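Notes follow the structure.
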Amino acid sequence: MGLIYLLMLFIPNIVWAKNRPVGYEQYAGNENKFLMTLERIGEILVCICALVFSDFNIRKTYWAGWLVLSFLFMVLYEIYWIRYFRSEKSMKEFYRSLIGFKVPEASLPVITFFLLGIYGSNAPMLISAIILGIGHIEIHILHRNEVYGKRKRKLPFRILKWILAAFGIVIVLIFLFVIGNRNINFLRHYKLVQSGVDEADYLMLGGQEQYVQMRGMNTENPVIIYLHGGPSSPDAYTTYGFSDFLLDDYTFVAWDQRGCGRTYFHNLNDDSQNETASFSQALEDLDNLVDYALNRFGKDKVIILGHSYGTILGSEYVKLHPEKVSAYIGAAQVVSLEKMDIYSYEDALYKAKAEGDDTTELEEAFEAFRQDDSISNMMSLRHLTSKYHPVAVPDKATMLAVRSPYFGVDDFRWFLKQLGDIEDYWNLNRQLFEYTFDFDADARSKEYDMPVYFVSGSCDWICPVDSVQAYFEEISAVDKGMEIIDGCGHNLQYSSPEEFAATVREVLTTSR
């Protein structure tokens, strides 16, 4: 596509060289040298980016709209030239506006290549287009003012113009920041795993193709399979935040489980209502993934690392298949959500009364939760109790997502679904939510035939440390340990990613 665009750019200009408007050389001799330098640099960089990078080629992606839009601007550029070549070829015809674009011969190609940079998520192209735009567009604006004369607009119009310009600059900077960060992270990750594995694919698990991401410096290293929380809260695109610190010694596997994230949208036509997304099916899917990892990387066992709901899936799986698991790590280990929410409420109520606060709303929310433990009532209660359970170290997941080289359109679509109607979200994964709400680790086997390690944030009140500690003391395992990361809340792996990774590495080193 880069080559096609350059041909569409160069051919009219080659024809124009023999059809220049009368008097053009007179204006060209007055061009600002600094702007000319920027223009030349921009032209060279745009050409290099267009020809070197394959990011701009046609591919199946939701970002294709940016490619279509850029192509439409390039078509407008061709229309401009057709109009000019059919005219008297005067300076006024050359600088005649086209559907609102004052200098279409300069602005349209710059916009085209900037949009192409967005489509390809390519920061070098964006920067090149900006450099080209500053030099090329400004030169032609100065010429146009010489030809038509500079009209002084009324104050309201000038204010509106500057507001729109400021808004445009902000939008450009946002695209540049987001795409630039993603490019930097991509290059860093490519360097990290260029001799190991860095793959993302849809694997057949339990009869359904599901999204799996595999990364590591050396495929000979032990394999960690990470199970996200929720249920149905996939985060493969942000796991690099902590897994980057593990890749030297471990191959890290992340997975969008059945019924959520990329896996959900990939199977939308076959199971839009998640009828197959049950807990028993999740166990089968995980077993298939474990078998794939064992065969792919030539291992006898894997390490299971679960977070939140992932600890429910993980702890149940490792007890069913101890022969395939070398160690189990539960980050924010779930014991019983109902018991944990009650514990959190009682602590919040105690603190509220100690501070002399009115506890009516808090008590009413708890009573509503006891009568109907729906997700909306649970979230309402947690919202009120969180006031008394501040987290010292903030969650960095949002920024990790923005900067992620792995963040895709389907990840964003699922994020929007999570922000939508909470009851619709609940119903979509009702089977898993009901299982999660009914789960009670105290009522299940506490025998683990492998090393078990729990890691909790000291400020986690969704899975409070005291509750996890009490369960930890009752389990039996080949080896066991519990680590607390100070100041972190429920998403401890994203609050202190490096410390979390160091803790995982430490407990696994101990277990060897």
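The values are calculated or read from the model by the stated rules, or taken from the named source; none is laboratory data. Because the structure is predicted, anything quoted here is derived from the model rather than measured. A quick note on method: Cβ atoms are made from the backbone with ideal geometry, for glycine too, and the neighbour counts reach across all protein chains shown. The accessibility values were calculated without ligands, DNA or RNA, using every heavy atom of the protein model including side chains. Shrake-Rupley method; radii C 1.70, N 1.55, O 1.52, S 1.80 Å.
Worth pointing out:
- Electrostatic bookkeeping for Tyr345 treats Lys and Arg as +1 and Asp and Glu as -1; over the other residues with beta carbon under 13 Å from its beta carbon, the sum is -3.
- Mean separation of Cα contacts under 8 Å (6+ apart) over length of the chain, as relative contact order %: 13 percent
- Split the accessible area of the chain by element, probe 1.4 Å, and carbon with sulfur accounts for 58%.
- DSSP-defined beta bridges in the chain - what % are antiparallel, rounded to 5: 35 percent
- Degrees between helix 465-474 axis and first principal axis of the chain (Cα, 0 to 90, nearest 10): 50 degrees
- The loop-placed GluC sites (Glu not before Pro) in the stretch 83-171, going by DSSP, that have at most 11 neighbouring Cβ atoms within 10 Å of their Cβ come out as Glu88.
- Options Ile184, Gln273, Gly216, ranked by Cα towards positive dipole end of the chain, top entry (Cβ charges): Ile184
- Degrees separating the helix 123-148 axis from the principal Cα axis of the chain, which is the longest one: 30 degrees
- Solvent-accessible area per residue for the chain (1.4 angstrom probe, square angstrom): 48 Å²
- On Cα atoms only, tilt of 360-371 relative to the major axis of the chain in degrees: 70 degrees
- In the stretch 70-123, trypsin sites (Lys or Arg not before Pro) in a DSSP loop with at most 16 other beta-carbon atoms within 10 Å: Arg86, Lys89, Lys102
- Whole-Hz ³J(HN,Hα) from phi, Karplus 6.51 cos²θ - 1.76 cosθ + 1.60, for the stretch 401-407, glycine and proline x: 5, 4, 8, 5, x, 9, 6
- At R0 = 35 Å, FRET efficiency that the Cβ-Cβ distance of Leu72 and Glu199 yields, to 0.05: 0.50
- Options (i) 147; (ii) 170; (iii) 188 - which one matches volume of the Cα convex hull per residue in Å³ as calculated here: (iii)
- Of interest is the spacing of the C-alpha centroids, which for the stretch 92-123 and the stretch 331-375 amounts to 57 Å.
- Lysines with Cα under 20 Å of Lys301, excluding same-chain neighbours fewer than 8 positions away: Lys319, Lys324, Lys480
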